[in-house]
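Here's the structure we're looking at; comments come further down.
The values are calculated or read from the model by the stated rules, or taken from the named source; none is laboratory data. Keep in mind that what you see is a predicted model, and the values were worked out from it rather than measured. Backbone-built Cβ (ideal geometry, glycine too); neighbour counts: all protein chains shown.
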Amino acid sequence: MSRPRKGRRVRRIALVTGTRAEFGILTFVTEAIRQRPGLELQSVVTGMHLLKRFGRTIEQIRLAGWPIAANVRMQSGRDDPSEAPLAVGRGITQMARAFDRLDSDVVLVTGDRIEAFAAAAAAAVGQRVVVHLHGGDRALGITDDMLRNAITRLAHVHLAASRDAVQRLKRMGEAPWRIHRVGAPGLDAIRLLRRRVRAEPRQAGQRLNTLLGELAAKPYALIVQHPLSRPTRIERRTTERIFKAVRESGLSGVVICPNSDPGHEGIFQAIERIEGRPGWRVFRSLPREDYLRVALAAAVLVGNSSSGIIESASLGINAVNVGSRQSGRLRCGPGVQDCGESAPAIRPAIRRALHRRKPAHARSVYGDGRASERIADVLERLIISPELLAKELTY
């Protein structure tokens with residue numbers, strides 16, 4: 001069955017979100033979609049959002065006023081590599097049922113996680129239009145590039161975040177007319193928040209004090225470290241080295257707990273050893289605006305999160321990227337310092353980042369912070385036709 005049905009005036013967009021970070025960067029996208037009378041937003045919530053250990057961030061989605069059309073529970077929360085393929089199977093089945101019940105025309109997915117892959121597979125096989133945001137990026141991870149490239153093959157429309165991504169998609173054989181360079185939507189909130197902080201510095205300082213208490217008055221590192229599907233002891237030791245390097249650099253630490261990928265138990269064990277100690281503040285999760293406020297005031301961003309790679313230049317801070325998780329991904333600017341996972345590698349990288357001049361004018365290869373409106377434009381103007389649904393590579 002092809003979609004949409006004849007005579008339908010409103011196009012139904014099923015936006016799938018599986019992590020707190022993804023939800024944060026999509027906030028402005030949802031607002032742009034909801035402001036278009038020809039588009040109807042259907043939020044499909046899955047992944048970490050439904051797991052208590054990772055903050056059960058579906059509550060943040062509700063507080064943000066998103067209309068939640070469907071909940072799809074994929075993961076059990078167990079730290080076991082065998083859980084991921086089982087979660088994908090559950091996700092495909094339940095996503096297919098949700099899209100059918102919602103009669104979605106377009107399914108919008110982001111990045112390279114298993115939630116996005118499950119949604120894209122269910123939608124493509126069900127003859128719904130798959131729109132992929134951040135396709136054409138690179139990030140080695142464990143299965144990141146494999147899943148991202150698989151989603152690219154399933155997707156009918158590509159919303160690329162950079163010129164580099166556009167060229168990679170073309171080299172993969174994707175037809176140029178399917179590719180739209182929109183920028184990274186995660187920068188949209190940063191652009192507006194920086195403007196507010198400059199206009200109302202006192203209010204911004206009060207909000208930060210509320211979040212961090214006495215820690216806000218001291219130089220601190222914002223630490224976001226995610227697992228690479230390795231044994232618990234390796235993930236724990238790597239995270240402990242990061243904490244030690246931060247402490248030896250004379251900094252306090254603000255820690256955001258990891259995502260739900262296999263290996264997360266080791267990172268949680270390291271966090272539990274420093275939680276509650278003087279000079280440390282731990283958050284299971286933070287709403288997007290609060291996270292950005294903490295990042296804007298940080299001395300440095302440390303870990304292996306894509307936030308350091310994509311957002312640090314726009315935030316006006318330098319970042320230390322630890323390990324191989326983000327290998328191959330385009331750096332947002334020269335303020336990103338790459339290093340290995342050993343203690344002798346992390347400490348000098350933090351020192352370099354602290355002494356390096358911070359990024360100026362929020363320049364970034366990932367765009368100008370106006371991606372959301374471009375995304376809504378693409379979705380509104382999209383012509384759903386047999387030609388769009390029938391994928392044909394250019395090579």
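As for the stretch 324-333, it holds at least one residue that is among the basic types (Lys, Arg), touching a Leu at 6+ places or on another chain (Cβ under 9 Å) and either over 24 Å from Asn149 (Cα atoms) or not in a helix (DSSP H, G or I) (or both).
Of the residues making up the stretch 202-216, those that are in contact with a helix residue (DSSP H, G or I) (Cβ under 8 Å, 6 or more places away or on another chain) and among the small types (Gly, Ala, Ser) are Ala204, Gly205, Ala216. Where strands (runs of 3 or more DSSP E) sit wholly within the stretch 1-102, those with at least 1 residues that are over 30 Å from Gly367 (Cβ atoms) and in the same structural domain as Ile151 (by TED's automatic domain parsing) occupy 68-72. Selection within the stretch 6-38: residues that are of a type in the set (A, V, I, L, M) and at pLDDT below 95. The member of this set that is surrounded by the fewest Cβ atoms within 10 Å (Cβ to Cβ) is Val10. Only one of the numbered conditions (1) surrounded by 23 or more Cβ atoms within 10 Å (Cβ to Cβ); (2) on the phi > 0 side of the Ramachandran plot; (3) modelled with pLDDT of 95 or more is violated by His132, and that is (2).
Got a sec? Which of Gly328, Gly369, Gly303 is within 17 Å of the chain's Cα centre (by Cα), of a type outside the set (A, V, I, L, M, F, W, C) and surrounded by fewer than 18 Cβ atoms within 10 Å (Cβ to Cβ)?
Details: Gly369 fails: surrounded by fewer than 18 Cβ atoms within 10 Å (Cβ to Cβ); Gly303 fails: surrounded by fewer than 18 Cβ atoms within 10 Å (Cβ to Cβ).
Just one listed residue meets the conditions, Gly328.
Among the conditions (1) within 28 Å of Ile271 (Cβ to Cβ); (2) surrounded by 19 or more Cβ atoms within 10 Å (Cβ to Cβ); (3) of a type in the set (A, V, I, L, M, F, W, C), the only one that Leu51 does not satisfy is (2). So, Thr238, is that one hydroxyl-bearing (Ser, Thr, Tyr) and either within 30 Å of Ala116 (Cα to Cα) or buried (at least 18 other Cβ atoms within 10 Å of the Cβ) (or both) or not? For Thr238, the condition - hydroxyl-bearing (Ser, Thr, Tyr) and either within 30 Å of Ala116 (Cα to Cα) or buried (at least 18 other Cβ atoms within 10 Å of the Cβ) (or both) - is met.
Would you check if Arg194 is farther than 30 Å from Glu265 by Cβ, outside the structural domain of Arg288 (by TED's automatic domain parsing) and in a helix (DSSP H, G or I)? Please lay out each step first, then the result.
Working: farther than 30 Å from Glu265 by Cβ: yes; outside the structural domain of Arg288 (by TED's automatic domain parsing): yes; in a helix (DSSP H, G or I): yes.
Answer is yes for this residue.
Condition first: part of a strand (DSSP E or B) and under 22 Å from Phe23 (Cα atoms). Now tell me which residues in the stretch 251-290 satisfy that. If you could, list the steps in order and put the result at the bottom.
Residues of the stretch 251-290 that are part of a strand (DSSP E or B), as a first pass: 252-256, 280-283.
Correct list: Val254, Val255, Ile256, Val282, Phe283.
Looking only at residues that are assigned to a loop (DSSP other than H, G, I, E, B) and in contact (Cβ under 8 Å) with a residue 40 or more places away in the chain in the stretch 103-117, which one is farthest from the chain's Cα centre (by Cα)? Explain how you work it out, then say what you get.
Keep residues of the stretch 103-117 that are assigned to a loop (DSSP other than H, G, I, E, B), which gives 103-105, 111-113.
Next cut, in contact (Cβ under 8 Å) with a residue 40 or more places away in the chain only: 103-105, 111, 113.
Details: Asp103: 27, Ser104: 23, Asp105: 24, Gly111: 7, Arg113: 9 Å.
The qualifying residue farthest from the chain's Cα centre (by Cα) is Asp103.
Would you check if Val72 is touching a helix residue (DSSP H, G or I) at 6+ places or on another chain (Cβ under 9 Å), aliphatic (A, V, I, L, M) and surrounded by fewer than 19 Cβ atoms within 10 Å (Cβ to Cβ)? Quick ask: steps written out before the conclusion?
Working: touching a helix residue (DSSP H, G or I) at 6+ places or on another chain (Cβ under 9 Å): yes; aliphatic (A, V, I, L, M): yes; surrounded by fewer than 19 Cβ atoms within 10 Å (Cβ to Cβ): no.
For Val72, the condition - touching a helix residue (DSSP H, G or I) at 6+ places or on another chain (Cβ under 9 Å), aliphatic (A, V, I, L, M) and surrounded by fewer than 19 Cβ atoms within 10 Å (Cβ to Cβ) - is not met.
Kindly list the number of the only condition in (1) more than 24 Å from the chain's Cα centre (by Cα); (2) under 29 Å from Asn209 (Cβ atoms) that fails for Ile383. Condition (2) is where Ile383 drops out.
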